[in-house]
1. First measure r as the distance between the Cβ atoms of S191 and R241, then evaluate 1/(1 + (r/R0)^6) with R0 = 45 Å and state the FRET efficiency to the nearest 0.05.
2. Dividing the Cα convex hull volume of region 52-186 by residue count, how many Å³ per residue is that?
3. Counting Lys and Arg as +1 and Asp and Glu as -1, what is the net charge of the other residues whose Cβ lies under 11 Å from the Cβ of T144?
4. Under a Cβ-Cβ cut-off of 14 Å, what is the net charge of the residues other than T117 that fall near it, where Lys and Arg count +1 and Asp and Glu count -1?
5. What list of ³J(HN,Hα) values in whole Hz, one per residue of region 223-236 in order, does the Karplus curve 6.51 cos²θ - 1.76 cosθ + 1.60 (θ = phi - 60°) give from phi, with Gly and Pro shown as x?
6. Which ³J(HN,Hα) values, rounded to whole Hz and listed in residue order, are derived for region 285-291 from phi using the Karplus coefficients 6.51, -1.76 and 1.60 in 6.51 cos²θ - 1.76 cosθ + 1.60 with θ = phi - 60°, glycine and proline given as x?
7. Please state the relative contact order of region 256-297 as a whole percent: Cα pairs under 8 Å, 6+ residues apart?
8. List every residue whose amide H lies under 5 Å from the amide H of N146, counting only residues 5 or more places away in sequence or on a different chain, with H placed 1.01 Å from N in the peptide plane.
Amino acid sequence: MTLPDRRLQFLLGSLLALTLIAACDGNDPPTTPTPAPAPAPAPAPAPAPAPTPAPTPTPTPTPAPPPAPVQVALTGTVTATDAGRLSGATVTVLDGANAGRSTTTNSNGEYRLDSLTQGNANVAAVATGYQEARLGVFVNGTNTLNFTLLRGGPFTEFGPGRWRVGTDIAPGRYFSDPIEGCYWERQRGQSGAANDVIANDIARYDAAQMIVDILPGDVAFEANLQCGRWFNTPRGGQESRIRPGVFLVGPQVAPGIYETEARAECYWERLSGFRGDSGDIIASDFDADGGRQVVEIGSGDVGFKSHGGCGTWTRASSSSISSRPAPSSAGEIQRNRELSRRGIPRR
């Protein structure tokens with residue numbers, strides 16, 4: 001064995017010995033620790049559930065407006081039994097939805113009422129010198145209503161309109177059971193001028209009765225629809241209380257002392273007649289404020305008139321009255337009358 005070989009053997013032996021010594025020592029060479037695995041990231045929190053939206057309310061449908069009343073027309077003719085078609089006859093709806101609608105016939109005796117509400121109605125036709133005629137109809141726009149009037153007069157019962165005294169109606173005392181707004185005129189002419197009116201009156205309240213004396217010298221008498229029909233007999237008998245209106249003393253109102261708790265603008269009259277002028281007033285009073293009112297109706301009085309503001313009068317005993325009403329002077333009568341007739345044409 002050559003020297004180089006021996007040297008190689010020596011080096012290998014030495015290396016082996018050192019290896020064995022290190023193994024026997026038990027001390028492992030330091031090692032780099034394996035890093036701990038990074039903790040897994042916490043899972044992201046689940047998103048909060050979105051709030052459930054409130055249901056949108058269903059809008060309440062706007063109710064359809066009620067249908068407009070059907071507008072129709074009524075046509076027809078007015079004929080006299082002795083004169084053919086009548087020009088200037090008045091045709092008036094008396095009741096129902098079209099109450100008060102009125103027109104006059106043309107030169108051919110024809111009439112037409114437009115813009116009427118469909119429905120049932122009683123209709124009247126009247127002409128000077130002829131009796132009033134009334135017919136019922138269902139106004140639907142397709143039917144006609146024809147009137148035939150009978151010659152008549154002078155009547156002692158009549159309705160609204162203008163009537164010639166002595167020809168159409170007889171002079172005399174007439175009574176009606178009106179509604180509020182009844183207006184009448186005694187006339188000396190028929191031109192329509194203000195000075196044609198002799199006397200007039202209006203009930204701006206619900207009167208239980210109206211009375212008028214139509215004189216033989218009057219040319220005409222005119223009353224509106226609110227007065228209703230006029231009769232030559234009273235519309236009621238005697239009552240223990242006095243309601244608003246005009247009444248006969250004796251047959252309807254007993255003489256005596258009466259009292260009432262009046263509202264504002266209480267007006268009353270003791271009357272010697274029913275012509276409608278100041279000459280018939282025996283005594284009167286007008287109280288603008290109201291309160292307790294007392295009146296003594298005399299046995300010689302012909303009538304008593306009381307407006308709506310007075311309310312209802314009741315009998316009072318003499319012992320409950322401290323003093324009786326003083327008589328009215330002519331000036332007071334005129335003043336009271338003018339206060340009560342504010343808004344009525346001066347006659």
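1. Working: r = 43 Å, r/R0 = 0.96.
After rounding to 0.05, the efficiency reads 0.55.
2. Working: hull volume 21.4 nm³, N = 135.
Dividing the Cα hull volume of region 52-186 by its residue count gives 158 Å³.
3. Working: positive: R112; negative: E110.
Once positives and negatives cancel, what remains is 0.
4. Details: positive: R101; negative: D95, D114.
Every neighbour counted, the sum reads -1.
5. Karplus-based 3J(HN,Hα) across region 223-236 equals 9, 8, 4, 5, 6, x, 8, 10, 10, 9, 10, x, 8, x Hz.
6. In residue order, the calculated couplings are 7, 10, 10, 6, 9, x, x Hz.
7. Values: 71 pairs, mean separation 23.7, N = 42.
Once divided by the residue count of region 256-297, the mean separation gives 56 percent.
8. The list, which skips near neighbours in sequence, is T77.
Taken together, the values in this text are just the output of simple stated rules run on the coordinates, not laboratory data. These numbers were taken from a predicted model, which means no experiment stands behind them. Positions of Cβ are generated from backbone atoms using ideal geometry, with glycine treated the same way; all protein chains shown enter the neighbour counts.
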